[in-house]
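Here is the structure we will look at, set down as structure tokens.
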Amino acid sequence: MTALKLTNVNKSFGEVQVLQDINLEVEEGEFVVFVGPSGCGKSTLLRVIAGLEDATSGEVTIDEQVVNQTPPSKRGIAMVFQTYALYPHLNVRGNMSLALKQDKQPKAVIEERVATASRMLNLEPYIDRYPSELSGGQRQRVAIGRAIVREPKLFLFDEPLSNLDAALRMNTRIEIANLHRQLGTSMIYVTHDQTEAMTLADKIVVLRHGQVEQIGSPMELYNNPTNQFVAGFLGSPSMNFFPAGLVHAGDDRTIGVRPENLYLTDDGVLDAEVSHVEQLGADTNVVAQVDDHQITVRLFGQHFIEEGQNLRFGFKPENAYHFDRDGLRLR
Amino acid sequence: MHKARTNPFNTMGMHGALILYTLIALFPVFVILINSFKARKAIFREPLALPDSDSFSLIGYQTVMRQGDFFLYFQNSMIVTVASLFFILLFGAMAAYALAEYRFKGNLLMGLYLALGIMIPIRIGTVAILEMMVATGLVNTLWALILVYTAQGLPLAVFILSEFMRQVSDDLKNAGRIDGLSEYTIFFRLVLPLVRPAMATVAVFNMIPIWNDLWFPLILAPAEKTKTLTLGSQVFIGQFVTDWNAVLSALSMAILPVLILYVIFSRQLIRGITSGAVK
Ligand SMILES: Nc1ncnc2c1ncn2[C@@H]1O[C@H](COP(=O)(O)OP(=O)(O)OP(=O)(O)O)[C@@H](O)[C@H]1O
Ligand SMILES: [Mg+2]
């Protein structure tokens, strides 16, 4: 069964077209991540799905029903916002139970669901506190709890972790993954952090300028990008691009090679001058110039390389991606 | 919270300046108060002296109580001020929310139109207003005053409040929409409490001019039963003789209600300022 289906969805704000012809299917229980650079329309797409913005044209189908005319509260969705957006005048319990009260659920049901959710998220000690008395991580958990108690058919997360510090982000990421396993509900998750995208997603949707660039599982996108944008967007450090002319004179394509697929070799095709070295312990990232082109090489283990040194790098032909002038992948 | 520079000289200088300002601001009020308790001769002989057993007299207050319906005037002023503030805040906030929150045709134009009222004094339209009030039979009712003051206060209220409402987090309103709150609930329960400091500012700005206004009560509601305090006190000011005892006593009593209202609003103001600072 499909939990969500978008058919030719467009969205304009006046003259500006923010979303162009989006088509997407989310299966029951799937974890889908929207990634893309800032301003590409991820949040707008999420708000269209939630019903907070109307699509200019196209159809939004949730759980086999066209919901274009359905208000957000009746769509069977729950949303977690980047800024938590807790109700400041209600305590944790009040925040979590408000939607159910609005929905006229019996008291016993409300109490039971709030209790279950707060147990899942370890919120029990804070249940009577107000949002201003909670830390950032606790607030985010309350926001997630507020979504859980509604038992939605679809969860929407808009960059839920971007206001948390690095350690907390990792913990909460794991918590969200656990939550998905426990609940088995479809989730849509917006981020521009590609680690979050790679680790959480069943399916990644890469957006740029309001258009879908590619849809696929994390490894599919990583191994088989359809264009230069997707290839450069996923992976860290990101893929190196240089003109194929550097390797074969007269070739006007662009070659892409991932930093980890470049290696030191005396007969390498790339003659590079090292400009910067980052020692990470397990890896060494070497930034070097080949003519005017900067490349990044990720060497495994610890290498002691001096800045200004001249090195030769090579790569295996099967690790090279070729792109045409418009950035489309050539196979 | 971060600690401000706590140089004792700075603090002392700051407090000194503030105390000085307070003294200057309170001095006229103080003079009015002490003189309202003095006999007429003493007021002119030593205006700055405190009332003593010789000069002490309640004659002013007695005159005020005897003369006319002082309590009725009082009540009229109170009704007009409080009702006007209520409507200014209610309609001002609603209009501001619509302008800040919803995209509709003519949104910007409407905002400009409403802001225009800030620049054009309402008294220019006095004749037209009077004609309208006569036509609708509202002359010599408190409603005439309430309507005029509401109209007078709305432009600035809309202007200030819409600026603040734009700053209320979109996510919060959207969370409410997803949880099934109606637009009215979102407005009254989520947005209004967050702009409370701005509302208090608007209330304080509007309160004093309304309370002190003489122009519109004189023109629109001069009847005995609708006189406001300011208008009622005028009976003691004659062209040739002025009953200073009565005027000073009336003024002293007129200060009280404004003071009480101000204390109520300013508490909101201060709470707003500190809650905004410690984010
Ligand atoms: N209400 C609006 N009116 C006009 N333009 C808007 C509106 N909301 C968003 N936009 C525009 O739509 C584009 C997409 O915005 P959106 O918030 O969806 O980006 P995003 O991908 O979520 O970015 P980020 O990663 O920074 O959150 C932006 O260029 C933005 O300027
Ligand atoms: Mg966004």
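The values are calculated or read from the model by the stated rules, or taken from the named source; none is laboratory data. The model shown is predicted, which means the values in this text are computed figures rather than measured ones. Note that each Cβ is placed from the backbone with ideal geometry, even for glycine, and that neighbours are counted across all protein chains shown. Keep in mind that these areas ignore ligands, DNA and RNA; they rest on the heavy atoms of the full protein, side chains included. Shrake-Rupley method; radii C 1.70, N 1.55, O 1.52, S 1.80 Å.
A P(r) calculated from all alpha carbon pairs of segment A:2-231, with 10 Å bins opening at zero, reads 8, 33, 36, 19, 4, 0 percent. For segment A:275-331, applying the loop criterion from DSSP together with a ceiling of 13 other beta carbons within 10 Å to the GluC sites (Glu not before Pro) yields A:Glu306, A:Glu307.
The trypsin sites (Lys or Arg not before Pro) of segment A:77-135 meeting both criteria, a DSSP state outside H, G, I, E and B (loop) and at most 16 other C-beta atoms within 10 angstrom of the site's C-beta, are A:Lys104, A:Arg129.
Size descriptor for segment A:238-330, Kirkwood hydrodynamic radius: 13.5 Å (Cα pairs only, one decimal).
Taking a ≥ b ≥ c as the square roots of the eigenvalues of the Cα gyration tensor, segment B:3-57 is prolate, since a/c reaches 1.5 or more and a/b is larger than b/c.
Given labels modelled 7 Å from the Cα in the Cβ direction, how far is it in nm from A:Leu90 to B:Trp143? Between A:Leu90 and B:Trp143, the simple spin-label model gives 4.0 nm.
So what's the angle, to the nearest 10 degrees on a 0 to 90 scale, between helix A:107-120 and the longest Cα principal axis of chain A? Approximately 30 degrees, to the nearest ten. Think of a 1.4 Å ball rolled over the protein heavy atoms: chain B then has 59 Å² of accessible area per residue.
Site-free segments of chain B were taken between chymotrypsin sites (Phe, Trp or Tyr not before Pro) in DSSP loops having at most 15 other Cβ atoms within 10 Å, sites themselves excluded; the longest one is B:105-239. Cross-link list A:Lys42/A:Lys107; A:Lys104/B:Lys173; A:Lys74/B:Lys105; A:Lys101/B:Lys105: which exceed 32 angstrom alpha carbon to alpha carbon? In this structure, A:Lys42/A:Lys107; A:Lys101/B:Lys105 lie more than 32 Å apart at Cα. Seen against the Cα atoms of chain B and their longest principal axis, helix B:126-136 is set at about 80 degrees. The orientation-averaged shadow of the Cα convex hull for chain B, equal to a quarter of the hull surface, comes to 20.9 nm².
Seen from B:Tyr97, the other residues with C-beta closer than 15 Å to its C-beta sum to a net charge of +2, counting Lys and Arg as +1 and Asp and Glu as -1.
Distance from the alpha carbon centroid of segment B:1-72 to that of segment A:135-212 works out to 63 angstrom.
In a simple Cβ point-charge model (Lys, Arg +1; Asp, Glu -1; nothing else charged), the protein assembly as shown has a dipole of about 3040 debye relative to its Cα centre. Residues of segment B:155-181 whose accessible area (probe 1.4 Å, heavy atoms of protein chains only) drops by at least 40 Å² once all protein chains are present, relative to their chain alone: B:Asp171, B:Leu172, B:Asn174, B:Ala175, B:Ile178, B:Asp179, B:Leu181. Placing R0 at 22 angstrom, the Cβ-Cβ distance between A:Ser38 and A:Thr199 gives a FRET efficiency of 0.60 after rounding to 0.05. Compute the Cα gyration tensor for segment A:203-243, then decide on rounded, prolate or oblate, letting a ≥ b ≥ c be the square roots of its eigenvalues: rounded whenever a/c is under 1.5, prolate when a/b is larger than b/c in the other cases, and oblate in all that remain. Taking the square roots of the gyration eigenvalues as a ≥ b ≥ c, segment A:203-243 is oblate.
Using 7 Å Cα-to-Cβ label points, what is the B:Ile264/B:Leu18 separation (nm, one decimal)? Label-label distance for B:Ile264 and B:Leu18, simple model: 2.6 nm. For segment B:219-243 versus segment A:222-240, the inter-centroid distance based on Cα atoms is 83 Å. The Cα center of segment A:1-63 and the Cα center of segment B:75-98 differ in position by 43 Å. Sorting the Cα pairs of the protein assembly as shown by distance into bins of 10 Å, from 0 upward, gives 3, 12, 16, 16, 15, 13, 10, 6, 4, 3, 1, 0 percent per bin.
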